[in-house]
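I am attaching a structure below and will ask some questions about it afterwards.
The values are calculated or read from the model by the stated rules, or taken from the named source; none is laboratory data. No experiment lies behind these values; they were computed from the predicted model shown. Cβ placement follows ideal geometry from the backbone for every residue including glycine, while neighbour counts extend to all protein chains displayed. Only protein heavy atoms, including side chains, enter the accessible area calculation; ligands, DNA and RNA are left aside. Shrake-Rupley method; radii C 1.70, N 1.55, O 1.52, S 1.80 Å.
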Amino acid sequence: PKANAMNMMFALLLVAITIFIVAPLGSASTPKYEVKACSATSLAGARSCSPYPLELSFTSQPVPTSPHCEETVDQEGSVTFADLSLPYGSFLKVEVKTLVATQDASLGFFVRPVRKAWHLPKPSISSDQKTATFFLDTLGQFSVEFAPQDTWSSTSALAFDSLMLFVNPPYEVPSSATPISTGGAATPADLGPNQAYVFSAGSIYDWGADKVFKVHDDTEIYFEPGAHVRARFVQTEKKVDNVRIAGYGIIDVHHALEPDVVGVSDDATHQAIGIYGKNIEVFGVTILNTNPDCGAWGYCLNFNANWSPIGDPSDPFGADELQSQANPPSYKPRQAHCQEKNMDDSPNNDFANCPTSYADGNSASFVKCMTWQMGQDGLNAGKYGTVEDSFVRVIDDAIKPWDSHGIYKNVTIWQLALGWPINFGWWNWNQPDVDTAVEDVHIIHNHNWQTSGGWPETQSGQCTIGGIYGSGAVKSGYSIKNVYVETAASCAIGLEISNSAYSRHPTVGYGGEATNCVGSFNDFAIENLIFDDAFKTGSGYGDYITGESNPASGCSGDLLGEVDMAISASVQGVPMTSSDFSTPNPSTVSLSFSAPTDPQPPPQYASHPSKALPSPSSLTYAPISSPSAQSCVLTCHSDLLCDCVAYDSSASLCTKARGGCEPGGLAEAGTSSAVYVRPRDDASVGPVGGDDNTAVDNANSPAAGLGSGTFSFSGPALLLASALLM
């Protein structure tokens, strides 16, 4: 009786929740999906639990389509999203209904990243193909898609209405934090030192203009679930120590920035979160940029940006100081924060409050970044910084491994119509850049083929990994490992080192050093770069690597701008080789190639040689081109509804099917044909017993008591779950 009463109370609370819309002021947009969920401590329990409605948030392109804004790159569409909290070891049952007229599951149903979901039971689909019920058993950021695979190689990708489910660990906001008022003026405000603050659940904080909070030492800033704060959090006038920004709320850069106010809106502070210092932690927040003004730019999150100085009240910094410089360039003597050299290459002698190891490095985890324009980049960890378990969906560079000893791990990326998912840098100030690791990155989509033919003005376009590098900082010892690209991308690696790059900081001759030299890329390893789908073919782009073709006089050694790189990559299971790459200046590059190994391959399918699928029916998909049976199997395994595939090696055709895969019902065929049947522990998701029935914690729900300043699993969220399981 106690459990039933609590279940009823929780259900009533969830049903009573109104939909929370995150969209430009005055927008009439509404979420495009309905979502229900419940959780349990076992899969059996999740099968039988009754899902409850979740509160949803929504964001769409905020910039008007007329007049045309070049910075949107014609990117439209929307994101409906929700934060959910799931204790480790538990299972989610999720029921999703798409309200988008053009979407249904008849040609495919995907939960991405596919490698985090394809081991779970087959979803059930409603008769109208508009509702799917499926399971999740891990934390992460998931795109739920009622769409065929070929959606992502067409311009319809640019207007897709998407659903993201952010599955987070339980988290409790301390009750002792001081609430921040929704009132007051839009003037800059100080937070700290030695204080804890909280933005309240379900509140929209909007001061009618750009609001900046300047953070100080030993400051904690919490967001209760559903808090929506139209403000930015910065500190670029000094370096701080011990700052925490945490919780499942929303930081929204919505209002135009007043130009060139040092420490408030100069180019160093064009960030939603931009802070200099050490021991800075950002956890759980969703960062949006819904500014409707064309050309509004700025990162989601930037720790110790290596291209910007300590603020000078008498001389606001402009990023254009690092663009289109004279050749050779000259730079102002701007004071570094944690860089080893000042902007003019003179030595920096002040490293107070700068990270010296991972122990005092900065971190971002379970952070979600979604923006809508060029110049609105993703996440930068800084030296000894870590970005992990996070999501980036941007029209510019997604993650920015630009500093020594960075770690980027378990990051999910949805690259929109412009930018590199993994960008190696532009205009870094000059200092050694060593031993950064990028690992387990899931690029669920990459639409930069939309612009790669026209920008940048090299043969490479933007590709998946690379950049147009114009810095004197020598990069070495980088490891990029286990990068999965699930849908059509423009190309794999596009890298050019050039002393005439548009955005650059070559050497300037300080202390007798040669002038206008760019750093080499030494001992780079790209291991297991795996493209599940074929490249989106087009003109003006492709895999391209070149070092500096015309080094300035006096440049030598590591300042010749050369590339030393080991590459293991494949496209649809076919290893890439030197013949796949354009290297117009071969003397500047040293490349080696090997076949990759997929650490998360599909399981073994049952093979039925000389067999074909039964006569085509509504359960059979149209054949698609595939270079191998291995690639065909991967095509099936990515689609959670696919039960088997037929592969015709003579025509290189792959046909997916739902059902009709029983060995006795297969048709006879020639020796070039075979059918491969997916292994499933269960053929359906019907109830199989168990009495767990736990309403999932929805991070925007007032019924969900989520988490503490650490990953504490004894807080209200887990206590509530335990009570419901009694």
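Which listed residue (PHE317, SER200, SER126) has the Cα farthest towards the positive end of the charge dipole for the chain, taking +1 on Lys and Arg C-beta and -1 on Asp and Glu C-beta about the Cα centre?
Value computed over the given set: SER126.
Modelling each spin label as a point 7 Å along the Cα-to-Cβ direction, I'd like the SER479/CYS294 distance in nm, to one decimal.
Going by the 7 Å Cα→Cβ label model, 4.7 nm.
Roughly how many Å is it from the Cα centre of the range 493-527 to that of the range 434-480, as a whole number?
If we compute the Cα centre of each part, the gap is 15 Å.
With respect to the cross-link table entries LYS239/LYS481; LYS332/LYS475; LYS93/LYS536; LYS36/LYS536; LYS481/LYS536; LYS122/LYS481, which display a Cα-Cα separation exceeding 28 Å? Don't skip to the answer; put the middle values down first.
Working: LYS239/LYS481 32 Å; LYS332/LYS475 24 Å; LYS93/LYS536 35 Å; LYS36/LYS536 35 Å; LYS481/LYS536 23 Å; LYS122/LYS481 30 Å.
Going by Cα-Cα distance, LYS239/LYS481; LYS93/LYS536; LYS36/LYS536; LYS122/LYS481 fall outside the 28 Å limit.
Follow-up. Looking at the chain, what % of its DSSP beta bridges pair antiparallel, to the nearest 5?
Working: 58 of 179 bridges.
In the chain, DSSP labels about 30 percent of beta bridges as antiparallel.
Enumerate the amide H contacts of TYR205 below 5 Å, restricted to partners 5 or more residues apart or on another chain; note that Pro and chain-start residues carry no placed amide H.
When sequence neighbours closer than 5 places are left aside, the close amide H contacts are HIS228, VAL229, ARG230.
Here is a follow-up. Evaluate the charge dipole of the range 33-120 about its Cα centre and quote only its size in Debye, nearest 20, assuming +1 on the Cβ of each Lys and Arg and -1 on the Cβ of each Asp and Glu.
Numbers: 7 positive and 9 negative charges, 144 e Å.
Dipole of the range 33-120, to the nearest 20 debye: 700 debye.
Could you check the simple spin-label distance between ASP312 and ALA622, using points 7 Å along Cα→Cβ, in nm with one decimal?
With each label placed 7 Å out from Cα toward Cβ, I get 6.1 nm.
Now for a separate question. Kindly report the accessible area of the chain per residue (heavy atoms of protein chains, probe 1.4 Å, no ligands, DNA or RNA), in Å².
Details: 24450 Å² over 726 residues.
Value returned for the chain: 34 Å² of accessible area per residue.
Another question about this same structure. Using only the Cα atoms of the chain, what semi-axes does the equivalent ellipsoid have when each is the square root of 5 times a gyration tensor eigenvalue? Give whole Å, largest first. Numbers along the way, then the final one.
Numbers: eigenvalues 337, 243, 85 Å².
Equivalent ellipsoid of the chain: 41, 35, 21 Å, largest first.
Residue by residue, what Karplus-based ³J(HN,Hα) values in Hz, rounded to whole numbers, does the range 600-616 have, using 6.51, -1.76 and 1.60 with θ = phi - 60° and x for Gly and Pro?
10, x, x, x, 5, 8, 6, 9, 10, x, 6, 10, 9, 5, x, 3, x
Within the accessible area of the chain, what % is carbon and sulfur when the probe is 1.4 Å and the other protein chains stay in place?
52 percent
With a Förster radius of 25 Å, plug the Cβ-Cβ distance of GLU662 and THR138 into 1/(1 + (r/R0)^6) and report the FRET value to the nearest 0.05.
Details: r = 31 Å, r/R0 = 1.25.
E(calc), rounded to 0.05, equals 0.20.
Summing -39500 (n - 2.57) over the DSSP H runs of n ≥ 4 in the chain and dividing by its residue number, what mean residue ellipticity at 222 nm do you reach, to the nearest 500 deg cm²/dmol?
After summing the helix terms and dividing by the residues of the chain, the value is -1500 deg cm²/dmol.
Placing unit charges on C-beta atoms (Lys and Arg positive, Asp and Glu negative, everything else neutral), compute the dipole magnitude of the chain about its Cα centre in debye, rounded to 20. Walk me through the intermediate numbers first.
On the way: 36 positive and 75 negative charges, 359 e Å.
For this selection, approximately 1720 debye.
Between SER66 and ASP360, with labels modelled 7 Å along Cα→Cβ, what's the label distance in nm to one decimal, could you check?
It works out to 5.8 nm between the two label points.
I'd like the projected area of the range 422-533, averaged over all directions, using the convex hull of its alpha carbons. Report it in nm² with one decimal.
Reported value for the Cα convex hull: 7.0 nm².
In µm²/s, what is D for the range 205-350 at 20 °C and 1.002 mPa s, where D = kT/(6 pi eta Rh) by Stokes-Einstein and Rh is the Kirkwood radius from Cα pairs? All intermediate terms of the calculation are to be shown ahead of the outcome.
Working: Rh = 16.0 Å.
The diffusion coefficient I find is 134 µm²/s.
Place +1 on the Cβ of every Lys and Arg and -1 on the Cβ of every Asp and Glu in the chain, take the dipole about the Cα centre, and give the residue among ALA268, THR546, ILE526 whose Cα lies farthest towards its positive end.
It is ILE526.
What net charge do the residues around PHE366 carry, taking every other residue with its C-beta under 13 Å from that of PHE366, with Lys and Arg at +1 and Asp and Glu at -1? Before the final figure, lay out the partial values.
Working: positive: LYS368, LYS409; negative: ASP83, GLU281, GLU388, ASP389.
Value of the local net charge: -2.
Taking the Cα centre of the chain as the origin and placing charges on Cβ (Lys, Arg +1; Asp, Glu -1), which of VAL563, THR588, LEU139 is farthest toward the positive end of the dipole?
Checked the options; the winner is LEU139.
Let me ask another. Count charges around PHE593 for me, please; just the other residues with Cβ under 14 Å from its Cβ, Lys/Arg as +1, Asp/Glu as -1.
The answer is -4.
OK, next. How large is the dipole of the range 285-379 about the Cα centre if only Lys and Arg carry +1 and Asp and Glu carry -1, each at its Cβ, rounded to the nearest 20 debye?
Details: 4 positive and 11 negative charges, 55 e Å.
So the magnitude is around 260 debye.
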